[in-house]
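Report on one structure; see the data block that follows.
The values are calculated or read from the model by the stated rules, or taken from the named source; none is laboratory data. Predicted model, so just to flag it, every value in this text is computed and none were measured. Reconstructed Cβ throughout: ideal geometry from the backbone, glycine too, with neighbour counts over all protein chains shown. Quick note on the areas: whole protein, heavy atoms, side chains included, nothing else; ligands and nucleic acids left out. Shrake-Rupley method; radii C 1.70, N 1.55, O 1.52, S 1.80 Å.
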Amino acid sequence: MAKKSEDEENKVKKVQKIKLVVWEFVKYFIAIINTIAAMASIIGLIISVVTKDEMAIVFYASAGIIIISVLLTIFVVIKSSKNDKMKEANKYAKGFHEILHLIRDCYGDLMDVTEDETYKRPMTFRKYMTEKVMKMMDLLSRNLSEATGYKVRACIKTFDFIRDGEMDKNKMKLITLARSGQSNVNNMISEHYNPITLSENTDFEYIFNINEGYVEERVHFFIVDDLVKYSQNEEYKNSNKKWKKSYRTTIVMPIRYLRNPSEDEAEAVPQYEIIGCLCIDSKKKNLFAIENRGFVIEYLKGISDILYMYLNECILYHNYLKEGIIDD
């Protein structure tokens, strides 16, 4: 079933790519041929005044228009495609820098916050932390929306560090720490108290079931271009029963760190420590162009890696406060 689904997905991608190329060709061909035809009409009118071979002129002029139009269209399509890809890549690069800049500043502020008496209680610190991550998600959402031309949402799910912090994947609960488009931090905080069960969600279950260290051939993230179609061919679980109204394209990237065994653990193997997931979704199916897919994936991997550093420090400090080392 999985193999069949993969073959069908590859077939759809090829068809989409062909349609895109054909449409680009037709679009530019029409524009070019109209321009050349208009010019040729004027030239033909002038020539017909000084020669009697009108039919020959019409024939050769028509053939010339078609040949020149086809050649120019091919050139313009190739040039335009390269320019479009470069423009989109520049948008991602600019957004990547802005997000890293924001996370860097938030990380620097964190050092000062831990010394501030205002944030010596778990709740006040979590509110501060949540507000910062909301800004990160808003920036990421805006960047992806500008790059793709469609509305894209971003959020972060973490294990439920607020309560028991259960790390057994069969019992683990996840909370939505922050999401884009949520302007009120208090409303976001209220979502922290509505955790979801990891095992009831195909995407998170897949990611947390990755036990081995980095393997080149293994896909360490979850991506689907058309969730509705995917759910018809594969078992798909989602805690949100109304997910079909919310999104079609989804990418879920683990926020993790590869811990290597110490010298005392000679026989142990490297293991990933996953603290949550970066989730991207959109109502637009097949959101990310095939030729840019790899670039987008690497872009989100980089953001997830730097998010680990910030979120891990925040969670550790929150646990430090929660355990009563500093009274709440």
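Couple of notes before you dig in:
- Of the listed requirements (1) of a type in the set (Val, Ile, Thr); (2) open to solvent by 30 Å² or more (accessible area, probe 1.4 Å); (3) at pLDDT below 90, ILE210 misses just one: (2).
- Taken residue by residue, the range 273-292 has at least one member that is on the phi > 0 side of the Ramachandran plot and modelled with pLDDT under 90.
- Complete set of residues in the range 156-181 that are more than 22 Å from THR250 (Cβ to Cβ) and open to solvent by 10 Å² or more (accessible area, probe 1.4 Å): ILE162, ARG163, ASP164, GLY165, GLU166, MET167, ASP168, ASN170, LYS171
- Here the condition is being among the hydrophobic types (A, V, I, L, M, F, W, C) and modelled with pLDDT under 70; of VAL215, VAL224, VAL228, it holds for VAL215 alone.
- Inter-residue pairs, beta-carbon under 6 Å, first over 10 Å from TYR317 (Cα atoms) and in the range 110-126, second part of a helix (DSSP H, G or I) and hydroxyl-bearing (Ser, Thr, Tyr), 6+ apart: VAL113/TYR119; TYR119/TYR128
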